[in-house]
Structures are given as C-alpha cells and as structure tokens.
Amino acid sequence: MNIRFLIAWLALGLLAAGGCAEGPKVVTDFDPSAKFSAFRTFAFSGMMDRGYETGPSDHSPLRGRIKQMVYEQLAAKGVRQVNVEDRSDLLVHIFFGVKDKERTERTDIVPGYLGPRSVTIYDYQDGDWVPRSGVATYEDHEGALIVDLAESSKKKLVWRAVIRAVLGDNLEENFKLADKGIAEAFKAYPAAK
C-alpha cells in the first residue's frame, strides 16, 4: 500500500475521533438597546428552579460552584459583586437541570475505499446466524444551564446564555464542561461602548 494513503487514512481517522468529543453548545442573546457600559455591579438574586423557590443565600455546593464561575467571568469584565440589598445594576439569575435523552446510532456503516458502505453484520444466536438490527440506542444525560442578567432598575432581561452539554458520570468533568461553556458564553457579553 502507498504510505501517503495510510497517512491520509490515519489523519482522517484522528480528525473523526476528535470531532466526536462533545463540548458545550452555547447560545447567547442580548438587548442591543441596553447600556452595558453603565453596569458596574451585580448581585445573585432569588431563583426558581423547577418550581422550588431558592433565595439569594442558597448554599448548595452545586449552585455555589456555578455562581463562582459566573462571578469570575463578570469580575473579569469589570463588574463587581454586591449584596442584593445594595441595589445592584444587574441581577443574575441561574437556572439549571438535567434531562434524559435517548440517542440512536447506525452501527452497520463501515469505511470503504470509495466512501462509507452499509454492511450486514451477523451474530450467532441459538445455533443460527441472524442479522443485527444495525442500530444502537444510548441513554444520555443532557445538562442545561441558563444564566440571565437583568437590569435591576427596569426589571428587564438584558443578556441571556443557554449552555447545553451531554454529561458524563464524572462530576469534576461535568464542572469543567460548565466552566468552559460559561467562559465561552461571556466572550459574547457586549463590550462597554
């Protein structure tokens, strides 16, 4: 076989494998009429998560770590945290949750010399060869995190980030996904004019 062909095949395989890693999907939106340069302070406000009222002093470890990530991003933008009683310029609302999501994938596709080919794969069951279905089903857990910034004087939403990612079993890896998503979202925070 030609060595160039083998190198190209290996490079394509590595690119395809690298492309399978799912990072957070981030979508942001903001009110273009808001004067972001006027926002100097923020406070975490009371939140509603799935109908459960939590106050600004909610001390759950999960919420605390997410608040810390948001705090670091806002502080890097020059916005400092104050108590909610101090009438901040921005109120920060955090919503998060996890839902089960079923994913199906074809398993009967194999790479071929001229492109992917569908093949029939057989399994030996009860003394006979039977074709596989060609479809595998996986159960994923999709996490969603929403960060809202509202102008406190007008009680008006001025910026929103929605961050979604498929979560794994490792809590620290999930927090890394959240941190990466929050950092990416705040890159879209409008610069002061």
What accessible area, in Å² to the nearest ten, does a 1.4 Å probe give for Arg132?
-> 120
Residue-by-residue Karplus 3J(HN,Hα) for the range 29-44, coefficients 6.51, -1.76, 1.60, Hz, glycine and proline x = 8, 8, 8, x, 7, 6, 9, 5, 5, 7, 7, 10, 9, 9, 9, 7
Cα pair distances in the range 147-193, grouped into 5 Å bins until the bin that holds the longest one, percent each = 5, 18, 21, 19, 15, 10, 7, 3, 1
Tell me, what HN-Hα J-couplings in whole Hz come from the Karplus equation 6.51 cos²θ - 1.76 cosθ + 1.60 at θ = phi - 60° for each residue of the range 177-185, using x for Gly and Pro?
-> 4, 4, 4, 5, x, 5, 4, 5, 4
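The values are calculated or read from the model by the stated rules, or taken from the named source; none is laboratory data. Since the structure is predicted, the reported quantities are computational estimates derived from the model, not experimental observations. Protein only, heavy atoms only, side chains kept; ligands, DNA and RNA dropped before computing areas. Shrake-Rupley method; radii C 1.70, N 1.55, O 1.52, S 1.80 Å.
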